[in-house]
Protein chains: 2
Amino acid sequence: MAIRDYKDDSFLSLLRPLVEAYLAFYRVGNRHIQSLGLTPGQFDVIAELEGTEGLTCAELAEHTLTTKGTLTGVLDRLELKGLIQRGDVSGDRRATKVQLTPKGAILFQQVFPVHAEYMRPFFAQALNESEVQVAKQLLRRIRDSFNDPIRQSSIGSQPTEYSSIDTSTT
Amino acid sequence: MAIRDYKDDSFLSLLRPLVEAYLAFYRVGNRHIQSLGLTPGQFDVIAELEGTEGLTCAELAEHTLTTKGTLTGVLDRLELKGLIQRGDVSGDRRATKVQLTPKGAILFQQVFPVHAEYMRPFFAQALNESEVQVAKQLLRRIRDSFNDPIRQSSIGSQPTEYSSIDTSTT
DNA sequence: TATTGTTATACTCTATAACTATA
DNA sequence: TATAGTTATAGAGTATAACAATA
């Protein structure tokens, strides 16, 4: 498998701008979320729950891209803060339904618009209306391409020519 | 400050596609980096050091968006793996110059093209050449807007109408 | 047997602040 | 006094695997 000169590869040259745009955005937004006493992971869970009747842990784990084990800890902390509650699922006694409490719902409804309003000028300064439409479309295609499970499995099955290099500690 | 209906705000509707595109990309790339025995933070440091004569800890911390304290731990682990080395800076005996070892340089030179080649089809599947050029330009403008320190300080100085909600544990 | 969620372990990152050795 | 890097601490996310209850 011949490896091209990646510096001249127009597709790969998109990698850095994508990372940089996201990280610049993330850094600003994260600072704001932290000032609310939440972590990004906790905010994610609340945002996913908002507008639903409740989700199971399995559904939440899938949406927030974490494992069940990690999620348990995040939910514990949110429950301690009184922002979510765990309940039964009728029909499956193994499952747990996670819902926002009234306090959690109010928090999101107050916080998200403020957060959105906080972020808006950054986007408005960067792009005009029609450019936003273009950007959205292109970003969605990038997302869909990386979320395509067929491509992932076929590409992912060619590992490690570099495995001659040992990065382990011992 | 009147808060618009954010669901109809075309600027804010860009927020979700940006996050989703990045996360989809990140998830795929991260899985690949992990298979090399590195964490994202460690890979970042190596990528920053590549092609330099060495950077100080302060420079590295700035580039990788972490604090000095966090960086020390990351560097310790990379040093254990023999991928970086710490040396003196002539002229300032407080400072430390961090460099890739030959092993680290070889790792990057082997790993990055493979990593890039691994990622390329995902982008190529999503966009054609001219769309890539457009996307790059728009993403750079988003990045620059969020990195603009003037805007950040003026915007950031309007905090917490939502601070009536207490998210603390005790 | 398979699935749901929790628990346990071990590691990494994070923010913050105190500390040292220089400057 | 200020800066460069380390150390210390406490919290939070991560991957993995074992586990109990249920399906």
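For A:Gly41, the test of being surrounded by fewer than 18 Cβ atoms within 10 Å (Cβ to Cβ), closer than 24 Å to A:Ile142 by Cα and within 8 Å of DNA strand D (Cβ to nearest atom) is passed. If you check A:Leu83, A:Leu71, A:Leu60, which single one turns out to be modelled with pLDDT of 90 or more, in contact with a Phe, Trp or Tyr (Cβ under 9 Å, 6 or more places away or on another chain) and open to solvent by less than 40 Å² (accessible area, probe 1.4 Å)? Only one candidate qualifies: A:Leu83. With respect to the conditions (1) open to solvent by 40 Å² or more (accessible area, probe 1.4 Å); (2) near DNA strand D (Cβ under 10 Å from one of its atoms), B:Val98 falls short on a single one, namely (1).
Can you pull out every residue in the range A:101-123 that is among the aliphatic types (A, V, I, L, M), within 7 Å of chain B (Cβ to nearest Cβ) and open to solvent by less than 40 Å² (accessible area, probe 1.4 Å)? Quick ask: steps written out before the conclusion?
Initially, the range A:101-123 is screened for residues among the aliphatic types (A, V, I, L, M), giving A:105-107, A:111, A:114, A:116, A:119.
If we keep only those that are within 7 Å of chain B (Cβ to nearest Cβ) too, we end up with A:106-107, A:111, A:114, A:116, A:119.
Once the filter is applied, which keeps residues that are among the aliphatic types (A, V, I, L, M), within 7 Å of chain B (Cβ to nearest Cβ) and open to solvent by less than 40 Å² (accessible area, probe 1.4 Å), the range A:101-123 yields A:Leu107, A:Val111, A:Val114, A:Ala116, A:Met119.
Within the range A:66-81, identify whether any single residue is over 24 Å from A:Glu117 (Cβ atoms), of a type outside the set (A, V, I, L, M), more than 9 Å from DNA strand D (Cβ to nearest atom) and not in a loop (DSSP other than H, G, I, E, B), and answer yes or no. Yes: one or more hits. When every residue of the range B:104-116 is checked against the conditions, none turns out to be within 16 Å of DNA strand D (Cβ to nearest atom) and modelled with pLDDT of 90 or more.
Checking each residue in the range B:46-63 for being within 12 Å of DNA strand C (Cβ to nearest atom) and free of Cβ contacts under 8 Å to residues at least 40 places away in the same chain picks out B:Leu60, B:Ala61.
Quickly run through the range B:72-94 and pick out the residues that are near DNA strand C (Cβ under 8 Å from one of its atoms) and more than 14 Å from chain A (Cβ to nearest Cβ). Selection gives B:Gly91, B:Asp92, B:Arg93, B:Arg94. Every condition in (1) away from DNA strand D (no atom under 11 Å from the Cβ); (2) part of a helix (DSSP H, G or I) is met by B:Glu62 except one, and the failing one is (1).
The values are calculated or read from the model by the stated rules, or taken from the named source; none is laboratory data. Just so you know, these numbers come straight off a predicted model, no measurement behind them. For neighbour counting, all protein chains shown are included, and Cβ atoms are generated from backbone atoms with ideal geometry for every residue, glycine included. Side chains are part of the model used for accessible areas, which takes the heavy atoms of the whole protein and leaves out ligands, DNA and RNA. Shrake-Rupley method; radii C 1.70, N 1.55, O 1.52, S 1.80 Å.
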